[in-house]
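Data first, discussion second: the structure below is written as structure tokens.
The values are calculated or read from the model by the stated rules, or taken from the named source; none is laboratory data. No experiment lies behind these values; they were computed from the predicted model shown. So basically every Cβ, Gly included, is an ideal-geometry build from the backbone, and we count neighbours across all protein chains shown.
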Amino acid sequence: MGPIASGLISRPDFGRFLIWRTRFALNDLLSILTGVGLAAACGFRVFVPLLVLSLGARSGAMNLSEGFHWLGSDLALLALGVATALEIGAYYVPVVDNLLDTLATPAAVVAGIAASAAVMDGLDPWMRWVLATIGGGSAAAAVQIPTVLARGVSSLTTAGTGNSVVATGELAAASALSIAMMILPFLGAALLVVLTVWLVRRYRRARAERELALSPAS
């Protein structure tokens, strides 16, 4: 016998409970989508999503998890702004961009985990960190690895002259995805799917071009 049939919960109260529980479930889903999307954006640029997140928190448009409220401080905003500017500029410097790629993958994974955990404010701490580590870390790595390969192929086939095009595309993707996840998570999720398909195709093309460039001339 259920709680309604037994009289423990009236039908109106049970209806309100369902509405309350559905609302919280939707909020949890949105926070997870936002976290994974921001983590994926970290795969394009480490600091751009964190800067967008800091701006959102500073303006009051974004709620942060316990322990991450410092992201909305003036000091964090300033530090992330400087780091973002340096990162963007460095990727337009030949050779330096390739050197950064050796550090970018682990940095992107760490940033992705942090960004995910920072926005999953409605979840229990243990669940937040599990999802942030598995979902956020994997999303950041899945995006970062193809971009490293694409830049390597560009360096090999164009002597680095085409790397600025790659850098601009990555910056645009990181910015658009970060902003979309902050404003409209479902739209951001759709954009993430599109970017994922594009990355898979780009990865396959870059790998084929690399094998062709490294193969001995017939």
Check your understanding: Restricting attention to the stretch 132-147, and to residues there that are surrounded by 20 or more Cβ atoms within 10 Å (Cβ to Cβ) and hydrophobic (A, V, I, L, M, F, W, C), which single residue is farthest from the chain's Cα centre (by Cα)?
Key -> Ala132
**Study point:** Matching option when the condition is without any contact (Cβ under 8 Å) to a residue 12 or more places away in the chain and either surrounded by fewer than 20 Cβ atoms within 10 Å (Cβ to Cβ) or outside any loop (DSSP other than H, G, I, E, B) (or both), among Leu51, Leu29
**Key:** Leu29
Exercise for review: Using the structure shown, decide if Ala190 is within 28 Å of Leu29 (Cβ to Cβ) and either at pLDDT 85 or above or not basic (Lys, Arg) (or both).
Suggested key: yes
Revision key, fill the gap. Of Leu30, Leu18, the only residue that is at pLDDT below 85 and within 18 Å of Gly136 (Cα to Cα) is Leu30
Practice item. Scan the stretch 98-129 for residues that are farther than 15 Å from Ser178 by Cα, buried (at least 23 other Cβ atoms within 10 Å of the Cβ) and among the polar types (S, T, N, Q) and report the count. Key: 0
Revision key, fill the gap. Counting only residues in the stretch 97-127 that are closer than 13 Å to Ala140 by Cα and among the polar types (S, T, N, Q), the one modelled with the lowest pLDDT is identified as Thr105
Practice item. State yes or no: is Val130 of a type outside the set (Ser, Thr, Tyr), modelled with pLDDT of 85 or more, in a helix (DSSP H, G or I) and closer than 21 Å to Glu87 by Cα? Key: no
Point to revise | So Pro94, is it in contact with a Gly (Cβ under 7 Å, 6 or more places away or on another chain), farther than 29 Å from Ile134 by Cα and at pLDDT below 90 | key: yes
Study note, to complete from the structure: Going through (1) among the charged types (D, E, K, R); (2) exposed (fewer than 11 other Cβ atoms within 10 Å of the Cβ); (3) at pLDDT 90 or above one by one, Glu66 fails only at (3)
Exercise for review: Take the residues in the stretch 74-92 that are without any contact (Cβ under 8 Å) to a residue 12 or more places away in the chain and surrounded by 13 or more Cβ atoms within 10 Å (Cβ to Cβ), then tell me which one is farthest from Thr161 (Cα to Cα).
Suggested key: Ala79
Practice item. Can you work out which of the residues in the stretch 162-176 that are farther than 22 Å from Ala39 by Cβ and in contact (Cβ under 8 Å) with a residue 12 or more places away in the chain is surrounded by the fewest Cβ atoms within 10 Å (Cβ to Cβ)? Key: Ser164
Practice item. Examine the stretch 99-120 for a residue that is of a type outside the set (Gly, Ala, Ser), out of contact with any His (no Cβ under 6 Å at 6 or more places or on another chain) and farther than 27 Å from Gly169 by Cβ, and state whether such a residue exists. Key: yes
